Amino acid sequence: MQIHYNHILKKYNTFGIDAKCNRLFFLESEEDIVDYFRNHCNGSLFLLLGGGSNLLIKNDIDYDVLKPDLFGINLIEEDKETVTLEVMAGQNWHKFVEYCVMNNYYGFENLALIPGNVGTAPIQNIGAYGVEQEQNFVSLRGYNIESKQFETYSKEQCEFGYRNSIFKSKLKGKFIITSVTYKLNKNDNPNLSYTELENYLTQRKLEKTAKNVFDAVIDIRSNKLPSPSQLGSSGSFFKNPIITQTEFDRISSEFTDLRGFPQNDGSTKISAGWLIEKAGLKGYRIGDAAVYDKHALILVNYGNATGDDIWQMAEYVIKTVFDKFGVRLEPEVNVVE
Ligand code: EPU
């Protein structure tokens, strides 16, 4: 285990916030995790840091930061049609997706270029272009801080939802994921349910293969979303709101171009990016905190914004959208005080 004192977290969060923490622990094995809770932990509060890609650190952190750094991909099972892999939590998500595509293991090609690590993917049930990580999820293993045991969670036990899981509710701050097991397909049968993706391939007369989907997603995302190495951000800052049919009818009677995505329970998901753009905030900037000018759902740090600057921008966006549409946006990112 490595311990760093008074450590600057700028390079550990994709927003590039220059916050400091008292102690940063790199937990490099399951033994390190047990050791930390037995011999180093001096309070109930700590921040779990994965790839730091879904996080806004508002201020300096006066409690411990834990970074699980376990690496490797283990083959668990293989047959003619599928392969089951156990992936350690510290593996970079995009590199894992690339590894799958290169080895002809399919299912995650639509999730190319999502920043972050495999160990944090289940927490917010990452999703893009018609696929969510839960679709290929088998189970995960991790350390339960309350029972002091390593435990395995099945898909049902994880309670996955849209950008949600039990690790954002009941088990928030109580469970350290050490590995995730996924089952991938060997049949090249990509998911093209997302119209923009299907159009991309059709317009370019590209074959509907997983490799082409992988490349298409990289191209689409690169043109629309900021690369964290060039511009600080946390991807989508807000969730897409899910509203009732009555609310949808109310808003769309005034704004006829509002699109709704019907949910199974009769509610409708609408685009937060659209709401923010219609509220006139696309590209809005105060100092170095801004609403990204190519995609209004993303807040960006042009260099020296503090966590508080970004949070004030978020609050301004929430208020402006609420005043105009009566819909309250909720952050998708984990906001840390
Ligand atoms: N739109 C606007 N203005 C904007 C941005 C979007 O009007 O500035 C509208 C457009 O109508 C567009 C629609 O919103 O057609 C949807 O936009 P997009 O395809 O970019 O998807 P999104 O709903 O904004 C979600 C995810 C993304 C994911 C994409 C693609 C959430 C919170 N975000 O964004 O995930 O990549 O779909 O599937 O669900 C992330 O979670 O960090 C993330 C980037």
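Odds and ends about this structure:
- Candidate aspartates and glutamates for bridging to K20, where Cα separation is under 18 Å - those fewer than 8 sequence places away on the same chain excluded: D60, D62, D64, D308, D309, E337
- Solvent-accessible area, 1.4 Å probe, carbon plus sulfur percent, for the chain: 45
- Ranked by the mean number of other Cβ atoms within 10 Å per residue, highest first, peptides 122-135, 75-88, 205-218 order as 122-135, 205-218, 75-88.
- Separation between Cα centres of segment 154-214 and segment 1-48, rounded to whole Å: 29
- Heavy-atom accessible area with a 1.4 Å probe sorts R23, R328, largest first, into R328, R23.
- Counted by Cβ distance under 13 Å from Y316, the other residues give a net charge of -1, where Lys and Arg count +1 and Asp and Glu count -1.
- Per residue, the accessible area of segment 110-186 comes to 38 Å², computed with a 1.4 Å probe over protein heavy atoms only.
- Selection of chymotrypsin sites (Phe, Trp or Tyr not before Pro), segment 137-198, meeting DSSP coil and at most 15 other Cβ within 10 Å: Y162
- Using a cutoff of 8 angstrom between alpha carbon atoms and counting only pairs six or more residues apart, the relative contact order for segment 79-237 works out to 29 percent.
- Near the amide H of D64, within less than 5 Å, lie the amide hydrogens of L47, all on another chain or at least 5 residues away, with H placed in the peptide plane.
- Qualifying chymotrypsin sites (Phe, Trp or Tyr not before Pro) for segment 215-256 [loop in DSSP, other Cβ within 10 Å: at most 16]: F255
The values are calculated or read from the model by the stated rules, or taken from the named source; none is laboratory data. All figures in this text were calculated on a predicted structure; none of them were measured in a lab. Neighbour counts run over all protein chains shown; Cβ positions are idealised from the backbone, glycine included. Accessible surface is based on the protein model in full, side chains and every heavy atom, while ligands, DNA and RNA are left aside. Shrake-Rupley method; radii C 1.70, N 1.55, O 1.52, S 1.80 Å.
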